[in-house]
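The next block holds one structure in the form of structure tokens; read it before the comments.
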Amino acid sequence: MARLKTLSFFDSADKFKQWLNGHHSVTDLYGFVALPDLASVSVWLPPKALRISMRGSQTYGKIKYGWFEAKMWDTRPLLVNFGIRKLAQAGEIVGFPKLEKPAFLGIRAPQSNEEKRGVY
């Protein structure tokens, strides 16, 4: 199983768009609760670049920006059926534990490169 080796922090729409343009081979993205992430994407991309839909109780989004085209899936409805109700549980199972919440989160913007990269 492939593991995430880097953490990307986007503090501007331009940085996010640059990431999208450099990752054309990505076709599927997954979020534990995808709707907040999709809402953020909708603010940063042009109006027709994102379409949010429902499939039963599952939220998913189609992101199409430049050459980047992928679906983002909400994994929570599926995982709840397996008794996984928290992000920390899901992280333990796939071998990528949930990161601790930074002390500054919700209080101020990241102020250093270390904070932007998630190194505390």
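Taking into account only those residues within region 21-65 that are touching a helix residue (DSSP H, G or I) at 6+ places or on another chain (Cβ under 6 Å) and hydroxyl-bearing (Ser, Thr, Tyr), which is nearest to residue 98 (Cα to Cα)? Only one residue tops the list, namely 59. For the criterion of being under 29 Å from residue 114 (Cβ atoms), in contact (Cβ under 8 Å) with a residue 40 or more places away in the chain and surrounded by 12 or more Cβ atoms within 10 Å (Cβ to Cβ), residue 26 passes. Somewhere in region 66-83, is a residue in contact with a helix residue (DSSP H, G or I) (Cβ under 9 Å, 6 or more places away or on another chain), of a type in the set (D, E, K, R), under 25 Å from residue 99 (Cα atoms) and surrounded by 13 or more Cβ atoms within 10 Å (Cβ to Cβ)? Looking for residues that are in contact with a helix residue (DSSP H, G or I) (Cβ under 9 Å, 6 or more places away or on another chain), of a type in the set (D, E, K, R), under 25 Å from residue 99 (Cα atoms) and surrounded by 13 or more Cβ atoms within 10 Å (Cβ to Cβ), one finds at least one in region 66-83, hence yes.
In region 99-114, the qualifying residues are those that are under 21 Å from residue 41 (Cβ atoms) and exposed (fewer than 15 other Cβ atoms within 10 Å of the Cβ), and the one that is modelled with the lowest pLDDT is 99.
Residues in region 81-120 that are under 14 Å from residue 31 (Cβ atoms) and assigned to a helix (DSSP H, G or I): 87, 90, 91, 94.
The values are calculated or read from the model by the stated rules, or taken from the named source; none is laboratory data. None of these values were measured; they are calculated from a predicted model. Quick reminder, even Gly has a Cβ in these numbers, built from the backbone with ideal geometry, and neighbours come from all protein chains shown.
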